[in-house]
Structure formats: structure tokens, C-alpha cells
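Structure record follows, encoded as C-alpha cells.
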Amino acid sequence: MNKYLKFVIAALMVAAAVYLMMNRNVGWGIVILLLTALPILLFFKNEYILLAFWHLRKQNMPKAAGVLARIKNFESQLHKSQYGYFHYLTGLTLAQDSPAKVEPYMKKALEYGLNMKQDRAMATLNLAAVAISKGRRQEGQRLLEEAKRLDSAGLMTDQIKMMKDQMKMPSMQKHMHNPHMRQRGKF
């Protein structure tokens, strides 16, 4: 649903509440006036984003991805403050199946902005994981330090420690056989 259509619905509800109050149905008018807050709330907090967060909390990634797929054009359906969360949630739903596709979504999420420090820390940690897996150790180290700084509650200390331990291990790409090295041991 278009985000501005919610304001039209709210205006119609206010008009109906005023009409009911004028016709001596003050109780129903007040109830409808209180229900007017729902479309206004859904303008700033999109219902699909809220459902996706709920499914992610239940660890149901396919349903969260299905709910996010209902958002066809995020610019016309979401408020600007939720662009980042749309990309953030899309990246989180893709993280288990295809970690390589997570990087552009998390970069856009950080670019658009996330309100909570924990969300920024999680996005930065995912970017660090992608950078380390692609062999960009310096960028991964920098992103891990930034994630550690953003994680003020200490909820991701175990993941950050695990990633730092993983960085200490030698990567297999550096130890692949060099064709020129094969000659050394023979003579």
C-alpha cells in the first residue's frame, strides 16, 4: 500500500469520527478517533517491516523473506527512515543461504542509516565477515573494531572474538601450491 494512502484513510476516519460525534454518538466517535492512530503509526513503521522483524525473532527466515518480498517498490511504500531497515532485513534473510549477496544490502543499510547501535553493529559485523571471507583482512579488521565499538551492550562479543580468532588462522589461498616451488625439494 502506498504510504500516503494511509494518511487519506486516517483523514476519512477523522471525518467519520466528527460525523458520529455530531450525531450524538460520542462514544463511537472517540473509538474511531483513537483508531485513527493506527494508520498514522503504520506510516512511520511499515507493517511488512514489523512482520519481518517478528518472523526474524522467531528464527523463521523463509517467512521473513516472503514478507519482505511483498514490498515491491521500497521508495513508494516506506518512509525514508525505514529504507535502511528494509535493506538490513533483506541482508539478514539472505545471510544463511548466500553470504556473498549480503554485502551490498548491508552497505546500503548503513548508507541509509539504522537507528539502533545494535543494528549498526550487526550490519558492520556482517560486512566484516564478508570482507574476511573474500581475503580483505585489513578491511575486515577495521570493520571488526568498528563493530566492537558499536556493540555497547556486549551482545556480540562472542561473534567478534570468533571472527578475530578466524582471522589469526592462515588462509588456504596463501598456502596453495606454487608451481615454481615444486622444483626446490627435488635437488
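Here are a few things to note about the model shown:
- Any pair with Cβ under 6 angstrom, 6 or more apart, that starts in the stretch 44-60 at a residue that is more than 19 Å from D97 (Cβ to Cβ) and ends at one that is surrounded by 15 or more Cβ atoms within 10 Å (Cβ to Cβ) and polar (S, T, N, Q): N46/Q82; I49/Q82
- Test for K101: is it more than 13 Å from the chain's Cα centre (by Cα), of a type in the set (K, R) and farther than 28 Å from S133 by Cα: no
- Positions within the stretch 63-78 being exposed (fewer than 13 other Cβ atoms within 10 Å of the Cβ) and either under 23 Å from Q118 (Cβ atoms) or not polar (S, T, N, Q) (or both), in sequence order: A69, R70, K72, E75
- The stretch 178-187, residues that are of a type in the set (K, R) and either in a helix (DSSP H, G or I) or modelled with pLDDT of 85 or more (or both): R182
- All helices (runs of 4 or more DSSP H) inside the stretch 66-177 with 2 or more residues being touching a residue at least 60 places away in the same chain (Cβ under 8 Å): 74-77
- The stretch 2-16 residues that are assigned to a helix (DSSP H, G or I), paired with ones that are surrounded by fewer than 16 Cβ atoms within 10 Å (Cβ to Cβ) and of a type in the set (A, V, I, L, M, F, W, C) (beta carbon under 7 Å, 6 or more apart): A10/I40; M13/L35
- In the stretch 39-57, the condition of being over 15 Å from the mean Cα position of the chain (by Cα) and among the hydroxyl-bearing types (S, T, Y) is met by no residue.
- The stretch 17-35 residues that are under 16 Å from F7 (Cα atoms), paired with ones that are of a type outside the set (K, R) and not in a helix (DSSP H, G or I) (beta carbon under 9 Å, 6 or more apart): A17/T36
- Residues located in the stretch 79-120, provided they are buried (at least 22 other Cβ atoms within 10 Å of the Cβ), out of contact with any Gly (no Cβ under 6 Å at 6 or more places or on another chain) and among the aliphatic types (A, V, I, L, M): L89, L92
The values are calculated or read from the model by the stated rules, or taken from the named source; none is laboratory data. What you see is a predicted model, and the numbers here were worked out from it, not measured in a lab. Glycine also receives a Cβ, built like all others from the backbone with ideal geometry; neighbour counts cover every protein chain displayed.
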